[in-house]
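In what follows, a structure is listed as structure tokens, so that the remarks can point back to it.
Just so it is clear, none of the values below were taken in a lab; they were calculated from the coordinates. Worth saying up front: this structure is predicted, and the values here are computed from it rather than measured. Cβ: placed from backbone, ideal geometry, glycine included. Neighbour counts: every protein chain shown.
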Amino acid sequence: MAGHSKWANIKRQKARVDAVKGKVFTKISREIIVAARCGVPDPTANFQLRTAIAKAKAVGIPNDNIDRAIAKGAGSFGSNDGLESIRYEGYGAGGVAVLVEALTDNRNRTAAILREAFSKNGGNLGETGCVSWMFEQKGVAELSFFSQDSRRGRQRPTPTAAIDEEALLEACLEGGADTYEVSTTEDGYIVEVFTGVETLEALSQTLQDRGYTVTQVELRWQPQTTVEITDAEQARSLLKLMDALDDLDDVQTATANFDLAEMLIAAFV
């Protein structure tokens, strides 16, 4: 799990850069549209919509854009574009399992561009069910720990030792969490708390009630087993595949079950 977490950190850092490019605006706007369409278009009564809106605000999507996406999903502003959620499955270099979640208004187009992305990067798009059994969907609440550097007027990461893990564990258990992981990013320390899909909202509320800063809540596919990649060329092909998938507008998330070996981590960060 540790290696997979390191790869997750790399993706998290990359996502912050991609947000500047604006691609994430389209993806999250689509997520808001679908959430508003599948439930009531009121975030106070729709946890999925509330979560999507929180993501939108975290990357700086203007309120007008958010309101317009909600209206589209509710059918009160133009067309909702007939978006539907589809899961695709395939294999990367070395037989690595890849699970892709997409929002699309054209299944044939999305399947074609995904097939091309896989084939160009040493993989192939598979049949439904070929790899999904290797993954489990979990709810994830992300917590951030920072301290203020008064001399420089900016935030610095709180040392891991300063996190009261006994209090954190108590809060996690109260909220129905299964486990949590502490990891380091370029911006500080992040704690990811994992729970079942059905208990994510209760966990998020419990953590907030306990005074923790919940920076993100989401549903995430977690691999049940992982493949360690030690070959540099294979690693390069897999990373190019994941980048290619992330860059596609129709793709919301792409998850794979590989770990980069320690010796390759620095080379590809």
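Okay, here's what the table says:
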{"read-out": "Where a label projected 7 Å from the Cα of ARG210 along Cα→Cβ would reach, residues of the stretch 110-145 with amide N under 13 Å", "value": "141-144"}
{"read-out": "Full-extension gain in nm, ALA74 to GLU181, via 0.36 nm per residue minus C-alpha separation", "value": "34.8 nm"}
{"read-out": "Cα gyration tensor shape of the stretch 91-142, rounded if a/c is under 1.5, else prolate or oblate by comparing a/b with b/c", "value": "oblate"}
{"read-out": "Local electrostatic count, TYR212, Cβ distance below 11 Å [Lys/Arg +1, Asp/Glu -1]", "value": "-2"}
{"read-out": "Equivalent ellipsoid dimensions for the stretch 211-251 as semi-axes, Å, which come from the Cα gyration tensor, largest first", "value": "27, 17, 11"}
{"read-out": "Entries of LYS27/LYS240; LYS27/LYS120; LYS72/LYS240 with Cα pairs more than 30 Å apart", "value": "LYS72/LYS240"}
{"read-out": "Environment charge of LEU49, counting only residues whose C-beta is closer than 10 Å and scoring Lys/Arg +1, Asp/Glu -1", "value": "0"}
{"read-out": "12 Å beta-carbon shell around ASP164, net charge (K/R +1, D/E -1)", "value": "-2"}
{"read-out": "Prolate/oblate/rounded label for the stretch 178-269 (Cα gyration tensor, a/c 1.5)", "value": "prolate"}
{"read-out": "FRET efficiency, 1/(1 + (r/R0)^6) with R0 35 Å, evaluated for THR44 and GLU228 via beta carbons", "value": "0.20"}
